[in-house]
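K.L.:
One structure, as structure tokens, below. Some questions next.
The values are calculated or read from the model by the stated rules, or taken from the named source; none is laboratory data. Only a predicted model underlies this, so the values are computations on that prediction, with no experimental measurement involved. Here the Cβ is made from the backbone with ideal geometry for all residues, glycine too, and neighbour counts use every protein chain on show. These accessible areas exclude ligands, DNA and RNA; they are computed on the full protein's heavy atoms, side chains included. Shrake-Rupley method; radii C 1.70, N 1.55, O 1.52, S 1.80 Å.
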Amino acid sequence: MAGLTACKGKQTKTIPAPAADAVKPVTITTATQYDSDDPAIWINKADSSQSLIIGTDKNTDGALYVYNLEGKIVKKITGLKRPNNVDIAYGLLLNNQPVDIAVTTERETNKLRIYRLPDMEPIDNGGLEVFIGEKERGPMGISLYTRPSDKAIFAIVSRKSGPAQGYLWQYQLTDNGKGQVTGTIVRKFGIYSGKKEIESVAVDNELGYVYYSDEQTGVRRYYADPAKGDSELALFGQGDFKADNEGISIYKTSDSTGYILVSDQDANSFNVYRREAAHPVLLSRIPVSAINSDGSDIVNVNLGPQYPQGIFVVMSTDKTFHYYDWRDIAARIKEKP
């Protein structure tokens, strides 16, 4: 397979083809119309075989694509102005009833758009504006944090560019009293190297951490709970990537152990780090068939005979998303003492 020419903004670069020994996906989704960018996995707790994958199609005439576990489109939410990243949370109280939500960043309107799952009906009263008052506003990355102590849900949002300190903003999501979601800013935090941008953000609810990819620098770790302060806890992955460190996913083998997978975008592979490590070091490099991936998600739930230990969903720059059986990924991880 020959390399692929990819255009990102005004930059054009040739991406190498997947490695000969790349892990093969179980399923590749039906293609989006423009530019697949980021997936999120919704687990149907009543019937895990009916779980869904939500994927962004990043364009001025963009959309959210809803896929089933066979990779087929079951719904398409259109009319979004460059939706970038998407994440999911469970049990937000609206009208005193728990609601699962999907939240996407809409870059060209400087908003978060929020949808009820699984019907994908909007519940955001037209969207929540973010980075109000800032020169650089266009939201890119998002991760939703559910605080274990009180089940409060927060959206942690990154943007195309920003200051050296306070690059990410965190909003608490609540009912506005009318069954719609509103957001309240609770903190501004996070160091930015200034080298490129910050797009990928991921939260570990159980350990209480938020991670983000400061591209061409490394992965930064902070507390996800705003009450615990804004000091940086770790910076890892420096020198481990060909160019951009991108999508972050966390596979949990228990409440406190597991793996952090970070896309080495230009190498068509994922770097694996130990989740519980105070200062994570590289365990393995795993080549995948997805090309130039900058977005991914993972769960450890049994989703049926094809994914009994969980599914790893990876964006590929050919407008698709790849579904991997976790067992195929785990077989490539080389443990170290």
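K.L.:
Report yes if some residue within region 164-178 is aromatic (Phe, Trp, Tyr) and in contact with a helix residue (DSSP H, G or I) (Cβ under 8 Å, 6 or more places away or on another chain); otherwise report no. Walk me through it before giving the result.
P.N.:
Taking region 164-178 and keeping what is aromatic (Phe, Trp, Tyr), we get 167, 169, 171.
Filter again for in contact with a helix residue (DSSP H, G or I) (Cβ under 8 Å, 6 or more places away or on another chain), leaving none.
No: region 164-178 contains no residue that is aromatic (Phe, Trp, Tyr) and in contact with a helix residue (DSSP H, G or I) (Cβ under 8 Å, 6 or more places away or on another chain).
K.L.:
Let me ask something else. If the Cβ limit is 8 Å and pairs must be 6+ apart or interchain, which residue in region 117-144 that is over 22 Å from Val74 (Cβ atoms) and among the basic types (Lys, Arg) pairs with which residue that is modelled with pLDDT of 95 or more and surrounded by 13 or more Cβ atoms within 10 Å (Cβ to Cβ)?
P.N.:
Arg137/Asn110; Arg137/Val130; Arg137/Phe131; Arg137/Arg159
K.L.:
How many of the residues in region 292-316 are within 20 Å of Leu207 (Cβ to Cβ) and assigned to a loop (DSSP other than H, G, I, E, B)? Step through it out loud before you land on a result.
P.N.:
Start the filter on region 292-316 by keeping residues that are within 20 Å of Leu207 (Cβ to Cβ), which leaves 296-301, 310, 312.
The next check asks that each one be assigned to a loop (DSSP other than H, G, I, E, B); those that pass are 300-301, 310.
Count: 3.
K.L.:
Do we have Asp61 as more than 19 Å from the chain's Cα centre (by Cα), surrounded by fewer than 14 Cβ atoms within 10 Å (Cβ to Cβ), within 19 Å of Tyr307 (Cβ to Cβ) and at pLDDT 95 or above here? First the steps, then the outcome.
P.N.:
Values: more than 19 Å from the chain's Cα centre (by Cα): yes; surrounded by fewer than 14 Cβ atoms within 10 Å (Cβ to Cβ): yes; within 19 Å of Tyr307 (Cβ to Cβ): no; at pLDDT 95 or above: yes.
No; evaluated as a whole, the condition is false for this residue.
K.L.:
If a residue has to be farther than 27 Å from Tyr192 by Cα and either outside any strand (DSSP E or B) or not charged (D, E, K, R) (or both) to count, how many in region 153-177 make the cut?
P.N.:
Taking region 153-177 and keeping what is farther than 27 Å from Tyr192 by Cα, we get 174-177.
Now restrict to residues that are either outside any strand (DSSP E or B) or not charged (D, E, K, R) (or both): 174, 176-177.
Result for region 153-177: 3.
K.L.:
Anything in region 190-233 that is of a type in the set (Asp, Glu) and either touching a helix residue (DSSP H, G or I) at 6+ places or on another chain (Cβ under 7 Å) or open to solvent by less than 50 Å² (accessible area, probe 1.4 Å) (or both)? List them, or say none.
P.N.:
Taking region 190-233 and keeping what is of a type in the set (Asp, Glu), we get 197, 199, 204, 206, 214-215, 225, 230, 232.
Glu197, Glu199, Asp204, Asp214, Glu215, Asp225, listed by residue number.
K.L.:
Right, something else. Considering only region 130-154, state which residues are open to solvent by less than 20 Å² (accessible area, probe 1.4 Å), under 14 Å from Gly208 (Cα atoms) and not hydroxyl-bearing (Ser, Thr, Tyr).
P.N.:
Across region 130-154, the qualifying residues are Leu144, Ala152, Ile153, Phe154.
K.L.:
Considering only region 1-42, state which residues are modelled with pLDDT under 70 and either open to solvent by 80 Å² or more (accessible area, probe 1.4 Å) or not in a strand (DSSP E or B) (or both).
P.N.:
At the first step, the residues of region 1-42 found to be modelled with pLDDT under 70 are 1-13.
Across region 1-42, the qualifying residues are Met1, Ala2, Gly3, Thr5, Cys7, Gly9, Lys10, Gln11, Thr12.
K.L.:
Can you name the condition, by its number, that Gly177 falls short on among (1) open to solvent by 60 Å² or more (accessible area, probe 1.4 Å); (2) small (Gly, Ala, Ser); (3) in contact with a strand residue (DSSP E or B) (Cβ under 9 Å, 6 or more places away or on another chain)?
P.N.:
(3)
K.L.:
Give the residues of region 260-291 that are farther than 16 Å from Tyr324 by Cα and in a loop (DSSP other than H, G, I, E, B), sorted by residue number.
P.N.:
If the condition is that a residue be farther than 16 Å from Tyr324 by Cα and in a loop (DSSP other than H, G, I, E, B), then Arg275, Glu276, Ala277, Ala278, His279, Pro280, Val281 are the ones that fit.
K.L.:
Here is a follow-up. Collect the residues in region 208-242 that are among the acidic types (Asp, Glu) and outside any strand (DSSP E or B), keeping them in residue-number order. Reasoning before the result, please.
P.N.:
Residues of region 208-242 that are among the acidic types (Asp, Glu), as a first pass: 214-215, 225, 230, 232, 240.
Passing the criteria: Glu215, Asp225, Asp230, Glu232, Asp240.
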